[in-house]
1. Do any helices (runs of 4 or more DSSP H) entirely within region 85-189 hold 1 or more residues that are modelled with pLDDT of 95 or more, and if so, which?
2. Select from region 170-182 the residues that are over 31 Å from the mean Cα position of the chain (by Cα), surrounded by 10 or more Cβ atoms within 10 Å (Cβ to Cβ) and of a type outside the set (D, E, K, R) and list them in ascending order.
3. Applying the selection to region 41-58, what residues are surrounded by fewer than 18 Cβ atoms within 10 Å (Cβ to Cβ) and in a loop (DSSP other than H, G, I, E, B)?
4. Please indicate, with yes or no, whether at least one residue in region 26-39 is in contact (Cβ under 8 Å) with a residue 24 or more places away in the chain and more than 16 Å from ligand 1 (Cβ to nearest atom).
5. How many residues are within 7 Å of ligand 1 (Cβ to nearest atom), surrounded by 13 or more Cβ atoms within 10 Å (Cβ to Cβ), among the polar types (S, T, N, Q) and more than 22 Å from Leu151 (Cα to Cα) if we restrict to region 86-134?
6. Tell me, yes or no, whether region 136-156 has at least one residue that is within 16 Å of ligand 2 (Cβ to nearest atom) and in contact (Cβ under 8 Å) with a residue 24 or more places away in the chain.
7. Go through region 1-40 residue by residue and tally those that are more than 16 Å from ligand 2 (Cβ to nearest atom), surrounded by 11 or more Cβ atoms within 10 Å (Cβ to Cβ) and part of a loop (DSSP other than H, G, I, E, B).
8. If you take the residues of region 1-25 that are without any contact (Cβ under 8 Å) to a residue 24 or more places away in the chain and polar (S, T, N, Q), which of them is nearest to ligand 1 (Cβ to nearest atom)?
Amino acid sequence: MNTLFPIFVKLEQLQLLIVGGGYVGLEKLTAVLANAPAAPVTLVAPEIRAEIHALAAEHPTVKLVQAVYDPALLAGNDLVIVGTNDKAVNRQIQADCKARKILVNVADTPALCDFYLSSVVKKGDLKIAISTNGKSPTFAKRFREVLEAMLPDTLQETLDNLTTIRQQLTGDFQAKMDRLNEITSVLKR
Ligand SMILES: C[C@@]1(CC(=O)O)c2cc3[nH]c(cc4nc(cc5[nH]c(cc(n2)[C@H]1CCC(=O)O)[C@@](C)(CC(=O)O)[C@@H]5CCC(=O)O)C(CC(=O)O)=C4CCC(=O)O)c(CCC(=O)O)c3CC(=O)O
Ligand SMILES: NC(=O)C1=CN([C@@H]2O[C@H](COP(=O)(O)OP(=O)(O)OC[C@H]3O[C@@H](n4cnc5c(N)ncnc54)[C@H](O)[C@@H]3O)[C@@H](O)[C@H]2O)C=CC1
């Protein structure tokens, strides 16, 4: 059974630390910034890939710290993503996070993760997060491509129209809900 509970997090209001500046650090930082370009992120590693430096140059809220992991770096962070190539270090960071009640993702060890990153379908304001319960990230990626191709470009217009209608509807909560359910029922056909 897949017991993961999806939520949509406002990263602009949280402090994220990424430990590791290799391919995994780059992949996770890219995923974060693609969704939340102004998220405050600190990335720490003794060696940081050039692509990460380039991303930081484009995103003023990204701070790079060229150093090995130290528990003092956890202070003030809400979320941590761990992707060093040293399994013992990854495990230590996970334990340090748990001791401080910081949510942690250890990219190469699903069992140590409090949360997973998802594959994200975006069409205007619509966002769909896909997870395979860690079974196949590649399937998640492919299915994202399938859904992206399926969704019409007019979708944003539909959402904008629905927002206008939502704001203009009068009556009590139930009456508004009934009307919005009726209007959107065409989507089921
Ligand atoms: C559990 C999880 C934890 C987490 O990372 O959060 C996790 C774990 C692992 N990934 C591994 C490998 C790969 N991951 C990708 C890609 C993505 N991985 C992502 C999420 C997740 N990956 C979480 C579960 C998501 C779910 O529930 O489905 C995506 C969706 C989101 C993102 O990372 O942003 C992003 C696609 C984004 C997109 O394009 O839409 C590719 C393909 C590629 O890069 O093209 C490969 C190589 C091929 C393969 O293995 O499939 C390995 C083996 C490492 C090794 O062998 O050393 C582990 C560890 C393990 O499974 O033990
Ligand atoms: N979840 C996922 O999507 C994937 C996970 N992995 C796994 O993730 C791990 C990392 O992979 P890559 O990024 O490709 O490795 P890499 O070799 O490109 O980068 C490793 C990074 O960790 C840093 N590092 C090492 N010790 C550190 C310390 N004590 N403190 C801070 N930073 C430290 C290095 O400076 C470097 O920046 C590997 O174990 C790999 O198996 C690999 C592919 C996909």
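1. Once the helices (runs of 4 or more DSSP H) in region 85-189 are filtered for at least 1 residues that are modelled with pLDDT of 95 or more, what remains is 87-99, 137-150.
2. Those that are over 31 Å from the mean Cα position of the chain (by Cα), surrounded by 10 or more Cβ atoms within 10 Å (Cβ to Cβ) and of a type outside the set (D, E, K, R): Gly171, Ala175.
3. Selection gives Pro46, Glu47, Arg49.
4. Yes: one or more hits.
5. Residues that pass the stated criteria total 2.
6. Of region 136-156, the ones within 16 Å of ligand 2 (Cβ to nearest atom) are 136-142, 144.
After this cut, where a residue has to be in contact (Cβ under 8 Å) with a residue 24 or more places away in the chain as well, the list is 144.
Looking for residues that are within 16 Å of ligand 2 (Cβ to nearest atom) and in contact (Cβ under 8 Å) with a residue 24 or more places away in the chain, one finds at least one in region 136-156, hence yes.
7. The total comes to 9.
8. The selected residue is Thr3.
The values are calculated or read from the model by the stated rules, or taken from the named source; none is laboratory data. Quick caveat: nothing in here was measured; it's all calculated off a predicted structure. So basically every Cβ, Gly included, is an ideal-geometry build from the backbone, and we count neighbours across all protein chains shown.
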